[in-house]
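Here the structure is laid out as structure tokens; the discussion comes afterwards.
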Amino acid sequence: MITELNCRILENRPLGPDCFQLLLEAEQEIEIRAGQFVKVAVPGFSLRRPISVTDVEDGVIRLTCQIAGKGTAALAAKRNGSLSVLAPLGNGFTLPEEGSELLAVGGGIGTAPLIGLIREAVKRNCRVSAVFGFRTPQQALFREELSALPLRSFYAFESEGENVITLLRREGYENIPFAACGPVSMMEAVDEIMQADGEFSAECRMGCGFGACMGCSVETRSGMKRICKDGPVFRRGELLWKTLR
Amino acid sequence: MEDAAISLSVTLSGFELDNPLIPASGTFGYGLDYLDFFDVNEVGSFAAKGTTLHPRNGNPQPRIAECAGGMLNAVGLQNPGVHAVIRDIFPALRNVYHKKLIANVGGFSTEEYAECARLFDAEEIVGIIELNISCPNVHGGGMSFGTDPRTAASVVETVKRCVKKPVYVKCTPQCPDLVTMCRALEEAGADGLVLLNTFLGMRLDRRTGKPILANVTGGVSGAGIFPLVLQRIYEVYPKVSVPIIGCGGVSCAEDVIEMMSAGASAVEIGTQNLIDPLTIVKIRRELPERLRELGVSDIRTITGRAFR
């Protein structure tokens, strides 16, 4: 059930040069699956902003967001009070089976929705590997957090001549079932080199976020799909990269 | 006066609605996407997604942009086509929605409008046919039928010969002389008017300076267009005798009352549903109280009160 939640801002802090992290306490308990997203009303702006959920811990919703325009800049500046949030939205990732193997591949702010999945996989005693790419080390997200978890994590920085693709090849990870989120060019390259099955999480400018307006529909191999409701997570092979570029 | 004594019922060409609140076409899909939020039977009726004779994929991305006081869309009439709507969607809808809906019909030729309307006309669940000659986001169809009164009147005449149900025409604000247009539509047999569809607009990306929407232009909607639409309704109402459904920027109960006061018999609500999916429910709860404050016991009586 999608609910309009009144959420109290517990914390809003900058992360690196252009990102911030919001901790929100919802007035009621809410179940959010890894890979789902929320729409946050930003005071003074018409449309709610779609933001992926990083994770939910003890009823606290964590959002990691990149400043993309005036709306997200206003959200970054809002340090206290409350926010109206529509949640949960979209389908989310397929959760890995107990004791299985998971490879999380993220680029930039696309690493955020993978955190909840990684934590869920760790809880399920999975062998987890995370391969994250950023432009520079200053922009790296979740580095300390992942180093504290029982998993193998790798960071690639373009400024140092590396990216997730070179890392995936170097580590020989092409045969591990994966979940990926990041720039379209990154996901397309991941799609090209991986042998195993996997899922991709896409993004789009959205109107409603719950499937009514067709504002985020794209052509896929199985017809027109709404990124907000039929996605944002799509099985490998479903998305047509040219429609997302 | 008790709220229970306040009537929200309105009538549109013999079609009874227990309240005047109608989600606007394109913001409510075919009704099923709002089941997550509320019992869709709370609406007076709803205008279904603009439907064409043949399936359409619509425009490429991006389709959405924002502006102060609203948004722009360039969806481009994405829909599965009238046959699939009747075959696949209506049976599912009938299980959860027990009122009649308004079938919004788009097209690229007079024949297409007529055939699509004829198919909807045979459906029990359809109460009114809303001719969309005002979509700004398709080329060679939609709005091009809605800017010339003679072309528009000819579409209405053809459609009226093919259907039994009331035909309402959703007009575009891009029409240079709306009063002449509305009178021509009435003369051609239109049973009612829907004023208005979105306003043609655009946004440029602040970094690249290029249009945000892949379609370059889009339709502007939302609270910011409310006074513009209100003025058009106020202008047209005294010049026609068919009912007007007001549509444009309605966001709250006060807006509903204001738009009806200008001459609307019912009100379509669009963009606000996308921002707050519970808008219709909230307005329906609030309306009796707002009417009570005005000493009004029957909402029908406020239609056109600006002129009395």
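The values are calculated or read from the model by the stated rules, or taken from the named source; none is laboratory data. This is a predicted model, so every value here is computed, not measured. For neighbour counting, all protein chains shown are included, and Cβ atoms are generated from backbone atoms with ideal geometry for every residue, glycine included. Heads up: the accessible areas ignore ligands, DNA and RNA and are worked out on the full protein's heavy atoms, side chains in. Shrake-Rupley method; radii C 1.70, N 1.55, O 1.52, S 1.80 Å.
Could you tell me the distance between the Cα centroids of segment A:131-200 and segment B:184-200, to the nearest Å? Going from one Cα centre to the other spans 55 Å. Each 5 Å bin from zero up to the one holding the largest Cα-Cα distance in segment B:180-308 carries the following percent of pairs: 2, 10, 18, 18, 18, 14, 9, 6, 3, 2, 0. When all alpha carbon pairs of segment A:36-189 are counted in 5 Å bins from zero, the resulting P(r) reads 2, 8, 17, 21, 20, 15, 10, 6, 2, 0 %. Accessible surface calculations at 1.4 Å, restricted to protein heavy atoms, place chain B at 37 Å² per residue. Other residues lying with their Cβ under 14 Å from the Cβ of A:PHE234 contribute a combined charge of -2, Lys and Arg counting +1, Asp and Glu -1.
Largest GNM mean-square fluctuation across A:LEU23, A:LEU168, A:LEU149, computed for chain A with C-alpha springs under 10 Å, falls on A:LEU149. What separates the Cα centres of segment B:219-276 and segment B:35-113 is a distance of 20 Å. For A:GLU11, the residues whose modelled amide H falls within less than 5 Å of its own, excluding neighbours fewer than 5 places apart on the same chain, are A:LEU23.
Tell me which residues come under 5 Å, amide H to amide H, from B:SER7 once H is placed; ignore anything under 5 positions away on its chain. Amide H neighbours of B:SER7, under 5 Å, 5+ apart: B:ASP298, B:ILE299. Other protein chain C-beta atoms within 10 Å of residue C-beta, averaged over A:201-208: 5. Looking at segment B:1-159, the pairs of alpha carbons with a distance over 21 Å make up 50% of the total. Principal-axis analysis of the Cα atoms of chain A puts helix A:184-193 at an angle of about 30° to the longest axis. The Kirkwood hydrodynamic radius of the protein assembly as shown, based on inverse pair distances between different Cα atoms, is 24.7 Å. Counts of other chain beta carbons within 10 angstrom of each beta carbon in peptide B:61-72 average 5. Taking Cβ atoms as reference points and 11 Å as the exclusive limit, the residues near A:ASP197 contribute a net charge of +1, counting Lys and Arg as +1 and Asp and Glu as -1. Sequentially through segment B:59-67, phi angles give Karplus couplings (6.51, -1.76, 1.60; θ = phi - 60°) of 8, x, 7, x, 10, 10, 9, 10, 8 Hz, Gly and Pro residues having no value and appearing as x.
Annotation: for a label point projected 7 angstrom from Cα along Cα→Cβ of A:SER84, residues of segment A:1-38 with backbone N closer than 18 Å are A:2-9, A:25-28, A:38. Peptide B:35-45 has a mean shielding of 2, counted as Cβ atoms of other protein chains within 10 Å of each residue's Cβ. May I have the count of lysine pairs in chain A with C-alpha atoms under 29 Å apart, counting pairs 8 or more residues apart or located on different chains? Step by step, the pairs that qualify in chain A add up to 14.
Determine one quarter of the surface area of the Cα convex hull of segment B:215-285, which equals its mean projected area, and express it in nm² to one decimal.
In nm², the orientation-averaged hull projection of segment B:215-285 is 5.5.
The string of couplings for segment B:29-36 from the Karplus curve (6.51, -1.76, 1.60, θ = phi - 60°) is x, 10, x, 6, 6, 9, 5, 5 Hz, one whole number per residue in order, with x for Gly and Pro.
When chains A and B come together, the accessible area they lose, probed at 1.4 Å and totalled over both chains, is close to 2500 Å². Annotation: amide H of A:SER217 within the under-5 Å range of A:ILE227, sequence separation 5 or more or interchain, hydrogens built in the peptide plane.
To put it simply, the accessible area of segment A:3-89 at a 1.4 Å probe is 46 percent carbon and sulfur.
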